[in-house]
Structures are given as structure tokens and as C-alpha cells.
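What follows is a single structure, written as C-alpha cells, with notes after it.
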Amino acid sequence: MTGYGRAEKTIGDNVFIVEIKSLNGKQFDLRMLTPSILKPYEIEIRNLINEGLERGSVECLFTIKYNGAAKPVAVNTELLKAYYTSVKQVANELNANDENLLSAILRLPDVVTNTTNLLTDDDWVAFQKLVKEAIENLNKHRLNEGVSLEADLLKRVANIELHEIEIKKHEPNRRIRIKENLQKLINENVSAENIDANRLEQELIYYIEKIDISEEQVRLANHINYFKEILNGKEKSKGKKLSFVLQEFGREINTTGSKANDADIQKLVVLMKDEMEKMKEQVLNVL
């Protein structure tokens, strides 16, 4: 969701510049510096930017370059004359120096004010187009970043798949080692005549089911396929879905680690978790 967009255009007597910067954010959060001439349209501008960007921490800056014909300030001449006459009279009565009288009066309240002229209907339409142009430029920036982001996510998914293949390779030896360890424990602690074969078989079946990781492997493969399906889909907003699927990644990987009871598989689980955490960070950048 990171991006920058800028657009500039002469509208009426002024040059308007729109600059929009977007950073990662779960919600739409807009900070906007609005000149007085645009204050009446602030809500419409916010809605326009929200519609165009949807999500992210957004900063928007509007700059107006006034030309010679523009009047960014207005002088209240009647009020200025009234102030001048009154102050001049008092200065004469007090024999005070009135050399800087005019400059002092110009600083009095309401003598000089910013103009409150509004945009004409045509100027407002032109300004909306300018905002949309800046949004479009920002989204182009986002799109370029998204191409690199997609490649990185697919690479990390592929790494998880490779680790999963390695886990499957270790699975037969894991079962043999577990069986041998169980047999050794039984031989060391229980004499042969005291073993209830039926009960032992039931306990072994229960234990084997408890440590079986085949279901986790199947579910993880399904989650990976769904992740890639979302990533390659045409829908506009994918970030939240991808984040939810990654949570499912975590559940299956963590359960595999807790059931594995095997050092080699545990190492692969750690590598998978590392890839997954990096993916979580990257998914925050996805709209």
C-alpha cells in the first residue's frame, strides 16, 4: 500500500498541486492539509481519496500558486480608514510619533483577511479530476510495488512447500524411531509376562494417531493452494484474505512441530515458521 502520487494543473487563475503519500495501514487514515479555498469541499475530497485508495495511512498536501491576477488576501478599506482616523486623532492629541501608524493599523484584527472566494463549479470539476489524477499516479506506484511483492510471496510459499517435501522424506524414519523407542521403554520397564497384548495394541494405536502429522500436511497443502489462488485472482482487495490464510498456515505448522517428536522435522518447522513470519510482514503491504 506504499505509494506516492502527484498532479499539477492550472485551474482558473491559480496553479493547484496535489501530492498524496500512502503508507501501510489496516484502516483508511487520512491526514490532509487543506487551504481555506478548499475547506468547503473537504468532505467531498476525503470521500474521493478514500474511494480511490481504500486503505492505508495517507497524507495529502494541496499547494496553490497564486498568479498576479489572484487575490489571496483582502483589505477592509472602510475599517482601515476608521482605525486610521481614530488613531491619528489620538496621536495628534498626545503629540505621538505617527510615522509607522499605517503599518501598525494593518496588523489590527480584521483589517487584512484571507479571501473566502470559492471555486466556481467548473473549477471544482477540474480540481476533482486533478485529485483523481494524483490518486491514479499513486496506484500505479502501488501496482509496481505489488509485482515485486507478489514475486516475494510466491518465493516464500515455494520454500515452505520444499520444507514440507523434506518433512515427508523424514516421516518413515520418524515412525521407525518412535516405534523403536517405545519398544525399548516397554522392554526396560515391563516384563513380558505382565504385558496385556490387547491393551498395548490399543494404546499404541491411540499414540500413533496422536503423533500422526499426515492431516496437518494435507491441510497445509490445501491452504497453500488457496493462498496462491487468492494471490493470482483478479479481485481488487486481497490483503485481509491472505492474512487469514496465513493464520491457518501457522496452525498447521505449529501442530506439526508439537506432534513431530523428531529433531530433523523440528528444524524444518522452524524454517517454515521463519518464512511464514516474513510473509505476514509482507502481506501487510497488500491492499
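The values are calculated or read from the model by the stated rules, or taken from the named source; none is laboratory data. These numbers were taken from a predicted model, which means no experiment stands behind them. For neighbour counting, all protein chains shown are included, and Cβ atoms are generated from backbone atoms with ideal geometry for every residue, glycine included.
Quick one: is Gly12 over 35 Å from the mean Cα position of the chain (by Cα), under 20 Å from Glu133 (Cα atoms) and either surrounded by 15 or more Cβ atoms within 10 Å (Cβ to Cβ) or free of Cβ contacts under 8 Å to residues at least 12 places away in the same chain (or both)? Let's see the steps before the verdict.
Numbers: over 35 Å from the mean Cα position of the chain (by Cα): yes; under 20 Å from Glu133 (Cα atoms): yes; either surrounded by 15 or more Cβ atoms within 10 Å (Cβ to Cβ) or free of Cβ contacts under 8 Å to residues at least 12 places away in the same chain (or both): yes.
The answer is yes for Gly12.
Scanning the range 239-287 for residues that are touching a residue at least 24 places away in the same chain (Cβ under 8 Å), closer than 30 Å to Val58 by Cα and not aliphatic (A, V, I, L, M) gives Gly239, Ser243, Glu275, Lys278, Lys280, Gln282, Asn285.
Contact map, the range 152-166: residues that are closer than 13 Å to Ile253 by Cα paired with residues that are of a type in the set (Gly, Ala, Ser) and surrounded by fewer than 17 Cβ atoms within 10 Å (Cβ to Cβ), Cβ distance under 9 Å, separation 6+ or inter-chain. Pairs shown: Glu161/Ala221; Glu164/Ala221. Restricting attention to the range 229-256 and to residues that are modelled with pLDDT under 85 and of a type in the set (Gly, Ala, Ser), the residue that is nearest to the chain's Cα centre (by Cα) turns out to be Gly239. Exactly one residue out of Asp110, Asp98 is surrounded by 11 or more Cβ atoms within 10 Å (Cβ to Cβ) and either part of a helix (DSSP H, G or I) or touching a helix residue (DSSP H, G or I) at 6+ places or on another chain (Cβ under 7 Å) (or both): that is Asp98. Within the range 13-67, the set of residues being basic (Lys, Arg), closer than 22 Å to Arg142 by Cβ and not in a helix (DSSP H, G or I) comprises Lys21, Lys26, Arg31, Arg55. Is there a residue being part of a helix (DSSP H, G or I), closer than 16 Å to Leu268 by Cβ and assigned by TED's automatic domain parsing to the domain that holds Ser258 anywhere in the range 138-157? Yes, that holds for at least one residue. Yes or no: Asn254 assigned to a helix (DSSP H, G or I), surrounded by 14 or more Cβ atoms within 10 Å (Cβ to Cβ) and of a type outside the set (D, E, K, R)? Here the answer is yes, as Asn254 does meet what is asked. Taking the range 10-31 as the region of interest, how many residues are closer than 12 Å to Glu54 by Cβ and basic (Lys, Arg)? Residues meeting the conditions: 1. Just wondering, is there one or more residues in the range 164-179 that are closer than 30 Å to Gly56 by Cα, of a type in the set (S, T, N, Q) and either outside the structural domain of Gln217 (by TED's automatic domain parsing) or at pLDDT 75 or above (or both)? Within the range 164-179 (the criterion being closer than 30 Å to Gly56 by Cα, of a type in the set (S, T, N, Q) and either outside the structural domain of Gln217 (by TED's automatic domain parsing) or at pLDDT 75 or above (or both)), the answer is no, since none of the residues qualifies. Filtering Leu53, Leu143 for residues that are in contact with a helix residue (DSSP H, G or I) (Cβ under 8 Å, 6 or more places away or on another chain) and either modelled with pLDDT under 90 or not polar (S, T, N, Q) (or both) leaves a single hit, Leu53.
Can you find even one residue in the range 279-287 that is within 30 Å of Leu53 (Cα to Cα) and at pLDDT below 75? Can you show your working first?
The initial filter retains those residues of the range 279-287 that are within 30 Å of Leu53 (Cα to Cα), namely 279-287.
Retained after the next criterion (residues that are at pLDDT below 75): 287.
For the range 279-287, residues within 30 Å of Leu53 (Cα to Cα) and at pLDDT below 75: present.
Would you check which residues across the range 26-58 are free of Cβ contacts under 8 Å to residues at least 60 places away in the same chain and surrounded by 16 or more Cβ atoms within 10 Å (Cβ to Cβ) and list them? Phe28, Leu30, Arg46, Ser57, Val58, listed by residue number.
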